[in-house]
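Below: one structure, written as C-alpha cells.
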Amino acid sequence: MTQPPVALERVGEACVIRFARPEAKNPLSVETLDALESALDSLLSESPKRIVITGSGDTFASGANIREVAALDPDSAGEFGRRGQDLMLKIRRIPVPVIAAIDGYCFGGALDLAVACRRRIASTRSKFCHPGPKLGIITGWGGTQLLPRLIGEKRALEILLTGKIVDAEEALRMGLIDLIDEDPVAAALSYQGVT
C-alpha cells in the first residue's frame with residue numbers, strides 16, 4: 001500500500017503538515033495537492049494557533065509532478081494551473097499563521113507554496129529554484145505574482161527566468177526567507193517574529 005502523500009501531527013496548539021514521500025522528492029502531484037487541501041480544511045475546523053508545512057528527507061517539495069504536467073493538454077493545463085492557484089490563495093487567506101519549514105530542496109511549485117505562506121524558515125542546506133525555464137515552462141501557481149512582491153521584481157525575474165538556484169544565505173539576504181535554523185520545524189513552532 002502506498003503511503004499517503006501528507007502526514008499530520010499535532011504539537012500543542014499547532015499543527016504540522018509533512019509531505020511524506022521523500023523517496024520521490026515529495027512531488028506536488030494532484031494527489032498531494034488534494035491531500036494538502038483536505039488537511040488544511042480539517043485543521044481549520046480545529047482552530048490551531050499556527051500551521052507548519054514541511055517536507056521529509058532532503059526535500060521540502062520538488063514542485064509539480066513533471067509526468068503529470070507533460071500529459072496535460074491546453075484545457076487540462078488551464079485547470080491544473082487554476083487548481084494550484086486556488087490552493088495557494090487559500091493558504092494566503094488562512095487566518096492563522098502558516099509557516100513553511102524548509103529543510104532541503106524547495107523547487108518549482110514548492111517555491112510558490114513557500115511564498116504563499118506567511119513566513120519561511122529554512123535550514124542551511126536548503127536550496128530554492130524555479131527550474132521551469134530549463135524545461136520550457138513557467139510556474140502557474142501564483143509565483144510570478146507572489147515572488148516579486150516578496151523580494152522585488154529584479155531578483156524575482158532572475159529566479160523565474162533563469163532557473164537560478166538560491167542557497168539559504170542568499171535567500172535570507174534577499175528576504176525570501178525570514179530565518180535560518182538547523183531545525184526549521186522546531187523554529188517554526190516557536191517562532192516569535194511578526195506573523
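The values are calculated or read from the model by the stated rules, or taken from the named source; none is laboratory data. In this text the structure is predicted, and so the values were computed from the model without any measurement. Glycine gets a Cβ as well: all are built from the backbone with ideal geometry, and neighbour counts include every protein chain shown.
Summary of computed values
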quantity: Any hit, region 74-82, residues being closer than 19 Å to residue 106 by Cα and in contact with a helix residue (DSSP H, G or I) (Cβ under 7 Å, 6 or more places away or on another chain); calculated: no
quantity: Some residue of region 13-22 being touching a Phe, Trp or Tyr at 6+ places or on another chain (Cβ under 9 Å) and either under 23 Å from residue 130 (Cα atoms) or surrounded by 13 or more Cβ atoms within 10 Å (Cβ to Cβ) (or both); calculated: yes
quantity: Single condition residue 63 does not satisfy, out of (1) at pLDDT 95 or above; (2) under 20 Å from residue 132 (Cα atoms); calculated: (1)
quantity: Which numbered condition residue 38 misses (of (1) closer than 18 Å to residue 88 by Cα; (2) touching a residue at least 12 places away in the same chain (Cβ under 8 Å)); calculated: (2)
quantity: Identity of the residue in region 36-59, closer than 22 Å to residue 123 by Cα and not aliphatic (A, V, I, L, M), that ends up surrounded by the most Cβ atoms within 10 Å (Cβ to Cβ); calculated: 55
quantity: Scan of region 25-35 for residues that are crowded, with 16+ Cβ neighbours inside 10 Å and either β-branched (Val, Ile, Thr) or in a helix (DSSP H, G or I) (or both), ordered by number; calculated: 31, 32, 33, 35
